[in-house]
Amino acid sequence: MRIMLKGKHIILGITGGIAAYKCATLTRLLVKAGAEVQVIMTPNAKQFIQPLTLSTLSGKPVISEFFTANTGQWNSHVDLGLWADALIIAPATASTIGKMANGVADNMLVTTYLSAKAPVFVAPAMDLDMMKHPSTVRNLDLLRSYGNHIIEPTAGELASHLIGKGRMEEPENIVKALDDFFSSSGDLQGKRVLITAGPTVEKIDPVRFISNFSSGKMGFALAEECARRGALVTLVAGPVSLKTENANITRIDVTTAMEMYDAVMHSLPQSDAIILCAAVADYRVADVAEKKIKREKDAAPVLHLTPNPDIAKAVGQNKRADQVSVGFALETDNEQVNAQGKLERKKLNFIVMNSLRDKNSGFQVDTNKVTIFTDKGEIIEGECKSKRDVARDIVDVLHKYITIQ
Ligand code: C5P
C-alpha cells in the first residue's frame with residue numbers, strides 16, 4: 001500500500017501542542033511509505049518532543065531556526081517551499097493556524113508555509129474551547145479559502161481531561177489522507193468536464209435584475225478538483241466574484257440563463273462529463289424595459305415572466321450514453337423525494353442534494369453537507385465538510401462513472 005507516497009518530498013511542520021508526541025509515529029509512517037520527510041519545528045514544539053527523535057526517524061536534521069546555530073548556515077524557506085510535494089502541519093495549534101491565516105511569518109515554519117506551492121494539510125489539535133472560539137473558526141475558514149486541506153480533529157478525551165472535539169487525527173489517518181490525495185491526482189487525465197456554476201442574472205430594466213444567493217463556491221471547487229486530477233475543464237460561470245487558479249480550466253463568463261444554455265449546448269458534444277451546479281433562474285422577464293422603470297404613484301408595475309430552458313434537462317435529452325451528467329438539488333423540504341424526482345426527470349447519473357435545513361450548508365458558506373442519490377439507487381450521506389472536500393467526494397463518484405462508461 002501507500003505506493004503514492006513513494007519518493008514524495010514531505011515537509012512535516014510540528015507546532016507546540018501536546019499531540020506533537022504523535023509526530024514520531026507520523027514521521028515513521030511517512031518514511032516507511034517511502035516519503036522523504038523534512039521536519040520543521042516551531043520553537044515551542046521542542047518543549048514537547050526532542051528534535052533528536054525526529055531527525056533520527058526522518059534521517060534529516062530538523063530545521064527550526066532561520067539560521068543553523070553552529071554553522072550560521074541560512075535555511076532557505078523558499079528552497080524548502082519549492083522542494084516540497086506536500087506540507088503537513090501536525091499538530092497545528094490555534095496560534096500557528098492564526099499566523100498562517102494572517103501571514104504572521106515570525107518563524108521558519110510559517111515562513112516556509114507562505115513560500116510553499118505544494119498542497120497544504122493542516123491537522124489542528126487544541127482544547128475544545130479554543131477549537132470553538134470564533135477566532136479559530138474564522139482562521140480555519142480562511143485556511144480553507146486558501147485551498148488548504150483541514151484534517152478535522154476528532155472528539156474524545158483531551159489533554160485537559162475535558163471531553164470534546166480537539167484531538168489531532170491519528171497519524172495513520174493523516175498518512176491515509178495524504179495517500180488518498182496523491183492517488184487521485186491524475187485519475188481524470190485527458191477527460192473533458194463541463195461545469196456550470198453560480199447564479200444567473202435576469203434583467204428587469206437597465207438597473208434591476210432577478211437572481212439568487214448562489215456564490216459559485218461549490219461549482220468552482222468542483223472545477224479546481226477536476227482540473228487538479230488532470231481533466232480539461234470548461235467552467236460556465238454566472239456572475240460571481242471568484243477566481244480560477246488551474247490552467248486546465250477554461251472559463252466562460254455568462255450572465256443570463258439563455259447565455260448559459262447556449263454555452264453548455266455548444267460544449268456538450270465534446271464533454272465526457274457535465275456537472276450542473278449553477279443555480280439557474282427558472283424564469284426571466286418577458287419584456288425587459290429599455291429604460292429604468294419609474295416609481296408609479298398609483299399602480300405597482302407587474303412583471304411578466306417567461307420560463308428559462310432547463311439546462312440539466314436539455315443535457316439529459318441530448319447526451320450520448322457514454323456521457324455522465326451530474327445535477328444538484330437544493331431543497332428546503334421533502335428533500336429525498338424532490339431530489340430523486342429531479343434525478344429521473346433530468347436523466348442524471350447522480351444528483352447531489354443539500355438541504356437549507358442543515359446549518360453551514362448551501363449558499364455563500366465555505367462548508368457543505370450533501371447526500372448523493374445515484375441512478376443505481378445508492379444513497380451516499382456525507383458529513384459537513386469544506387466545499388473543497390465535498391468536491392473531492394463528488395469527483396470520486398464521478399470518476400467511477402466515467403471509468404465504467
Ligand atoms: O429543478 P431544479 O432547478 O431544482 O434542479 C436543479 C438542478 O437542475 C441543478 O443541477 C441545476 O444546475 C439544474 N438546472 C439547470 N437549468 C435550469 C434549472 C436547473 O441546469 N433552468
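The values are calculated or read from the model by the stated rules, or taken from the named source; none is laboratory data. As the structure is a computational prediction, the values presented were derived from the model and not from experiment. Quick reminder, even Gly has a Cβ in these numbers, built from the backbone with ideal geometry, and neighbours come from all protein chains shown. For the accessible areas, the whole protein counts, side chains as well, though only heavy atoms, and no ligand, DNA or RNA atoms are used. Shrake-Rupley method; radii C 1.70, N 1.55, O 1.52, S 1.80 Å.
From the list Lys46, Lys22, the one residue that fits, being in contact (Cβ under 8 Å) with a residue 60 or more places away in the chain, among the charged types (D, E, K, R) and assigned to a helix (DSSP H, G or I), is Lys22.
Okay, residues lined up against (1) open to solvent by 20 Å² or more (accessible area, probe 1.4 Å); (2) farther than 20 Å from Phe66 by Cα:
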residue	(1), (2)
Gly103	yes, no
Leu109	no, no
Ser115	yes, no
Ala118	no, yes
Pro124	no, yes
Asp129	yes, yes
Lys132	yes, yes
Val137	yes, yes
His149	no, yes
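Among the residues of region 194-228, which ones are in contact with a Ser or Thr (Cβ under 6 Å, 6 or more places away or on another chain) and either away from the ligand (no atom under 16 Å from the Cβ) or polar (S, T, N, Q) (or both)? Thr200 - this is the single residue of region 194-228 that is in contact with a Ser or Thr (Cβ under 6 Å, 6 or more places away or on another chain) and either away from the ligand (no atom under 16 Å from the Cβ) or polar (S, T, N, Q) (or both). The set of residues from region 217-245 being surrounded by 23 or more Cβ atoms within 10 Å (Cβ to Cβ) and touching a Gly at 6+ places or on another chain (Cβ under 6 Å) comprises Ala237, Gly238. Given the condition more than 12 Å from the ligand (Cβ to nearest atom), open to solvent by 90 Å² or more (accessible area, probe 1.4 Å), farther than 23 Å from Ser185 by Cα and hydrophobic (A, V, I, L, M, F, W, C), answer yes or no: does some residue in region 246-267 qualify? Scanning region 246-267 turns up no residue that is more than 12 Å from the ligand (Cβ to nearest atom), open to solvent by 90 Å² or more (accessible area, probe 1.4 Å), farther than 23 Å from Ser185 by Cα and hydrophobic (A, V, I, L, M, F, W, C).
Of the residues making up region 74-88, one or more are buried (at least 16 other Cβ atoms within 10 Å of the Cβ) and β-branched (Val, Ile, Thr).
Among the residues of region 268-286, the ones that are touching a residue at least 60 places away in the same chain (Cβ under 8 Å), farther than 17 Å from Ile195 by Cβ and open to solvent by less than 80 Å² (accessible area, probe 1.4 Å) come to 3 in all.
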